[in-house]
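Trainee: Please find one structure pasted underneath; my questions will follow.
The values are calculated or read from the model by the stated rules, or taken from the named source; none is laboratory data. Quantities reported herein were computed from a predicted structural model and do not represent experimental measurements. Neighbour counts run over all protein chains shown; Cβ positions are idealised from the backbone, glycine included. Please note that ligands, DNA and RNA were not included when accessible areas were found on the heavy atoms of the full protein model with its side chains. Shrake-Rupley method; radii C 1.70, N 1.55, O 1.52, S 1.80 Å.
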Amino acid sequence: MNITPDTNVLLRASLGDDQLHSKLAEEILESASRVVVTNHALCEFAWVMRSRYDTSRENIAIMIRTLCSARNIVF
């Protein structure tokens, strides 16, 4: 199954801030054969992490690199 997650799925999987939704987001991302992350979702992910969660640019970069290293994620 190929999926194109929206920003909320990426945020929930990365933050782990909601026990139920974070687990579901992780399962969806891990079970897909291919996860296509759009430029829009990636930019919005970085913007939300910076503006809403006050995450440093360095930590946002680490989170994006972690996404990039997943076997099934393409941009």
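Trainee: Quick one: angle between helix 57-69 and the longest Cα principal axis of the chain, in degrees between 0 and 90, rounded to 10, please.
Mentor: The answer is roughly 10 degrees.
Trainee: Between residue 34 and residue 56, how high is the FRET efficiency from 1/(1 + (r/R0)^6) when r is the Cβ-Cβ distance and R₀ = 25 Å? Nearest 0.05.
Mentor: Values: r = 30 Å, r/R0 = 1.21.
It comes to 0.25.
Trainee: Within the chain, what whole-number % of the accessible surface is contributed by carbon and sulfur, with the 1.4 Å probe and all protein chains included in the calculation? Don't skip to the answer; put the middle values down first.
Mentor: On the way: 2660 of 5010 Å².
In the chain, the share of accessible area belonging to carbon and sulfur is 53 percent.
Trainee: Taking a ≥ b ≥ c as the square roots of the Cα gyration tensor eigenvalues, with a/c under 1.5 meaning rounded and otherwise prolate when a/b beats b/c, else oblate, which class fits segment 1-62? Show your work: numbers first, answer last.
Mentor: Values: a/c = 2.30, a/b = 1.41, b/c = 1.64.
Verdict is oblate for segment 1-62.
Trainee: With angles folded into 0 to 90 degrees, how steeply does helix 39-51 sit against the dominant principal axis of the chain? Use alpha carbons for both and round to 10.
Mentor: Result, in degrees: 40.
Trainee: With every protein chain left in place, what is the accessible area of residue 21 in Å² (1.4 Å probe, nearest 10)?
Mentor: 100 Å²
Trainee: Rolling a 1.4 angstrom probe over the protein heavy atoms, how many square angstrom per residue are accessible across the chain? Working shown, then result.
Mentor: On the way: 5010 Å² over 75 residues.
For the chain, the per-residue accessible area is 67 Å².
Trainee: Given labels modelled 7 Å from the Cα in the Cβ direction, how far is it in nm from residue 23 to residue 71?
Mentor: Placing both labels 7 Å along Cα→Cβ, they lie 2.3 nm apart.
Trainee: A follow-up question, please. Based solely on its DSSP helices, what 222 nm [θ] is calculated for the chain when runs of n ≥ 4 H residues each add -39,500 (n - 2.57) and the sum is averaged over all residues, nearest 500 deg cm²/dmol? Walk me through the numbers before you get to the answer.
Mentor: On the way: 4 runs with 48 residues, N = 75.
That calculation yields -20000 deg cm²/dmol at 222 nm.
Trainee: Give the residue list of trypsin sites (Lys or Arg not before Pro) in the chain that are DSSP loop and have at most 15 other beta-carbon atoms within 10 angstrom.
Mentor: Details: sites: 12, 23, 34, 50, 52, 57, 65, 71; in loops: 52, 71.
Within the chain, the qualifying trypsin sites (Lys or Arg not before Pro) (loop, at most 15 other Cβ atoms within 10 Å) are 52, 71.
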